[in-house]
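Notes for the one structure printed next.
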Amino acid sequence: MQGGETGRSGSWQGSAWRRRASLAALRTDRRGSVAVLFGLGATVLIGLAGGASDYARLIHRRSQLQAAVDAGTLAGGNALKLAASTPASIVGLTEQTIRDAAKAAPDRPITVNVTVSEDRTGVFARAEESIRLTFGAFVGYGSTIVAAKARANIVGRMRLCMLALDPGAAGAFNLQKNAQVTANNCSLYSNSRNPMGMVGGDNALAKAQTICSSGGYLGPRANFSPNPQTDCPAIEDPLKDRPAPTIEACRELPFPLNLLKLTENKIDTTVTLEPGTYCGGLHITKNAVVTLKPGIYVMKDGPLVVDKKATMTGTEVAFYFTGNKGGLVFDKKTTISLTAPTTGVMAGLLMSEERTVALPIDPTTLVETLVGDIISPTPPALSLTKPLRVYRIISDNARTMLGTIYLPSGRLVIDASKPVADQSAYTVVVAQQLNLYEGPNLYLNANYDATSVPVPKGVGPVSGKLMLTQ
């Protein structure tokens, strides 16, 4: 009995000793627990650092997307001010601008939704993009959506102050050397679908509220302010329904110029002219000072040429050109001051022309042929899609040309060295092509309240302000 009790007691004591030893060992050896805790802590730290990286990336991308949406709605809002714009064209222009500015990765396309208000006074856009998270997958978030939205509201509409009608020519709107077009509070637009429909070369500069090309443009961004929008919808000729004036019997020059006439209507003295149809055109030359009475002057089968040091002025006057020899030349040292009619069939139109021409003759060539004057050849167009009359302004003193110049079969060429039309309350150009060379600055002002000369219907209503909200 005693021996058995002794054995059981020893066995129990041994087990107790072993348990105490194990607990002591556990208290003194913490290597395993430290490893476990370190592993858990490292995972949390990596997750926090990775989450911060993801968050910073999302904030940066949202900022980029917001800037793109802002740019798109501003472009759409500015284009919405144009009288000839349509909701579909505004949606397309806004979406294109957003996608171009957002620069989404090929594997991460963005979704863009654009709406135009029913009253066409606002453009709303929303863009969103799915962003894959680098560390979000550790906590069950493999991706998230980044979105941005903006709305542009307008009060009123913007004037269309220049429209190149040519549907396919390179350089339908072309600026070279030091030429400038300054379109204050209005828009420059080219219907040409050519990738080079708008061209800015050398130190030329086009400045406007909006610049839009149905095709593309050639030239660095420094040549345009703002950068042109591309792939814009073509605008239908807003003046295509304007009627032509009546072409009456040929008018003779006043006495004694009618007695001296040989082969052309040449004026080299001071005289006042009556409106009417001048067959063969008019040639005002030398030091002549010609005052035009109010009315319509039809240049039938001949150009209007003002050269040497001649002066031509007229208030409430309009010119209409017909035939293959139609067109005009205002030479370098001439003085030109013209204001369009306020009433009648050509109210608001300073110049217009017969809509078709078969074999046009450059009036510069006619001047050289008929009177021996030396005028530099007209710079050639980059391309033509149909025959065009040439209307060339070289004058360094043509500062008042108030009204709308409408040349549906014409090429307006300006290669003066001084500002043109800068003293006009407003000037609008709607022509097949507008080409500027040398160093002129063509001002297309939009001070419509400063004159009683009406803006022809279709060119655009009064300008308005654009407000952006997010």
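The values are calculated or read from the model by the stated rules, or taken from the named source; none is laboratory data. Just so you know, these numbers come straight off a predicted model, no measurement behind them. Glycine gets a Cβ as well: all are built from the backbone with ideal geometry, and neighbour counts include every protein chain shown.
From the list S376, S395, S409, pick out the single residue that is in contact with a strand residue (DSSP E or B) (Cβ under 9 Å, 6 or more places away or on another chain), farther than 19 Å from R355 by Cα and of a type outside the set (D, E, K, R).
S395
What's the number of the condition P408 fails, among (1) closer than 21 Å to P380 by Cα; (2) within 19 Å of the chain's Cα centre (by Cα)?
Among (1) closer than 21 Å to P380 by Cα; (2) within 19 Å of the chain's Cα centre (by Cα), P408 violates only (2).
Out of (1) surrounded by 18 or more Cβ atoms within 10 Å (Cβ to Cβ); (2) in contact (Cβ under 8 Å) with a residue 24 or more places away in the chain; (3) part of a loop (DSSP other than H, G, I, E, B), what's the single condition that is false for L253?
So the condition that L253 fails would be (2).
Let me spell it out: the conditions are (1) crowded, with 16+ Cβ neighbours inside 10 Å; (2) closer than 22 Å to R242 by Cβ; (3) touching a residue at least 60 places away in the same chain (Cβ under 8 Å), and F330 meets all of them except one. Which number is the exception?
Condition (2) is where F330 drops out.
Scan the strands (runs of 3 or more DSSP E) fully inside the stretch 103-177 and keep the ones with 1 or more residues being surrounded by fewer than 18 Cβ atoms within 10 Å (Cβ to Cβ) and at pLDDT below 85.
Because the criterion is at least 1 residues that are surrounded by fewer than 18 Cβ atoms within 10 Å (Cβ to Cβ) and at pLDDT below 85, the strands (runs of 3 or more DSSP E) in the stretch 103-177 that meet it are 122-132, 143-155.
Of the residues in the stretch 333-348, how many are buried (at least 22 other Cβ atoms within 10 Å of the Cβ), among the polar types (S, T, N, Q) and in a strand (DSSP E or B)?
1
Tell me the residue from G410, G439, G403 that is surrounded by 17 or more Cβ atoms within 10 Å (Cβ to Cβ) and either in a loop (DSSP other than H, G, I, E, B) or charged (D, E, K, R) (or both), please.
G439
In the set G200, G219, which member is modelled with pLDDT of 95 or more, surrounded by 18 or more Cβ atoms within 10 Å (Cβ to Cβ) and out of contact with any Cys (no Cβ under 7 Å at 6 or more places or on another chain)?
G200
Would you check which residues across the stretch 349-367 are farther than 18 Å from M401 by Cβ and either at pLDDT 95 or above or part of a strand (DSSP E or B) (or both) and list them?
E354, R355, T356, V357, A358, L359, P360, I361, D362
Report yes if S395 is assigned by TED's automatic domain parsing to the domain that holds S192, surrounded by 24 or more Cβ atoms within 10 Å (Cβ to Cβ), in a loop (DSSP other than H, G, I, E, B) and modelled with pLDDT of 95 or more, otherwise no.
The answer is yes for S395.
Search the stretch 199-214 for residues that are farther than 10 Å from P226 by Cβ and pair each with any residue that is basic (K, R) when their beta-carbon atoms are under 8 Å apart and the residues are at least 6 apart or on different chains.
Going by the 8 Å Cβ cut-off, the qualifying pairs are G201/K177; D202/K177; N203/K177; A204/K177; S214/R193.
Taking the criterion of being without any contact (Cβ under 8 Å) to a residue 60 or more places away in the chain, touching a strand residue (DSSP E or B) at 6+ places or on another chain (Cβ under 9 Å), assigned to a helix (DSSP H, G or I) and assigned by TED's automatic domain parsing to the domain that holds D362, would at least one residue in the stretch 448-456 satisfy it?
yes
May I ask you to verify whether D268 is modelled with pLDDT of 90 or more, of a type in the set (D, E, K, R) and under 19 Å from L163 (Cα atoms)?
So D268 does not fit the description; no.
Only one residue in K308, K293 is within 25 Å of Q423 (Cβ to Cβ), charged (D, E, K, R) and either loosely packed, with under 15 Cβ neighbours inside 10 Å or touching a helix residue (DSSP H, G or I) at 6+ places or on another chain (Cβ under 6 Å) (or both). Which one?
Only one candidate qualifies: K293.
Looking only at the stretch 255-301, how many residues end up being on the phi > 0 side of the Ramachandran plot and not basic (K, R)?
5
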